[in-house]
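> Could you have a look at this structure, given as structure tokens, before my questions?
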Amino acid sequence: MAQIKITLVNSPIGRIPAQRKTVKALGLGKLNSSVVKEGAPAILGMVNSISHLVKVEEA
């Protein structure tokens with residue numbers, strides 16, 4: 001599977017709790033923090049649910 005780089009570009013403050021928990025579960029904390037994850041279906045589904053908060057690139 002391909003590696004993807006996920007970067008938090010918008011704040012989860014004021015979002016519904018499920019979206020905040022998804023941000024934390026991906027390992028993102030502060031703005032502009034990034035993580036590299038496998039492009040597994042579970043990870044892609046999490047990214048899709050918070051797509052308005054993150055930027056995704058191939059790593």
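> Only one of these conditions is not met by Val23: (1) open to solvent by 30 Å² or more (accessible area, probe 1.4 Å); (2) of a type in the set (A, V, I, L, M, F, W, C); (3) not in a loop (DSSP other than H, G, I, E, B). Which number is it?
Checking Val23 against (1) open to solvent by 30 Å² or more (accessible area, probe 1.4 Å); (2) of a type in the set (A, V, I, L, M, F, W, C); (3) not in a loop (DSSP other than H, G, I, E, B), the one that fails is (1).
> Can you pull out every residue in the stretch 1-17 that is within 16 Å of His52 (Cβ to Cβ), aliphatic (A, V, I, L, M) and either in contact (Cβ under 8 Å) with a residue 24 or more places away in the chain or touching a Lys or Arg at 6+ places or on another chain (Cβ under 7 Å) (or both)?
Matches in the stretch 1-17: Ile6, Leu8, Val9.
> Would you check which residues across the stretch 26-49 are of a type outside the set (Ser, Thr, Tyr), assigned to a helix (DSSP H, G or I) and in contact with a Ser or Thr (Cβ under 9 Å, 6 or more places away or on another chain) and list them?
Those that are of a type outside the set (Ser, Thr, Tyr), assigned to a helix (DSSP H, G or I) and in contact with a Ser or Thr (Cβ under 9 Å, 6 or more places away or on another chain): Met46, Val47.
> Starting from residues that are open to solvent by 60 Å² or more (accessible area, probe 1.4 Å) and aliphatic (A, V, I, L, M), keep the ones in the stretch 49-59 and report whichever is modelled with the highest pLDDT.
My answer is Val56.
> Those residues that are in contact with a strand residue (DSSP E or B) (Cβ under 9 Å, 6 or more places away or on another chain) and open to solvent by less than 40 Å² (accessible area, probe 1.4 Å), I need them from the stretch 26-48; list them, please.
Residues satisfying the conditions are Leu26, Leu28, Ser33, Val35, Gly39, Ile43, Val47.
The values are calculated or read from the model by the stated rules, or taken from the named source; none is laboratory data. As the structure is a prediction and not an experimental result, all values here were calculated from the model. Counting neighbours? That spans all protein chains shown, and the Cβs are built from the backbone with ideal geometry, glycine included. Just the protein is used for accessible areas: all its heavy atoms, side chains included, with ligands, DNA and RNA removed. Shrake-Rupley method; radii C 1.70, N 1.55, O 1.52, S 1.80 Å.
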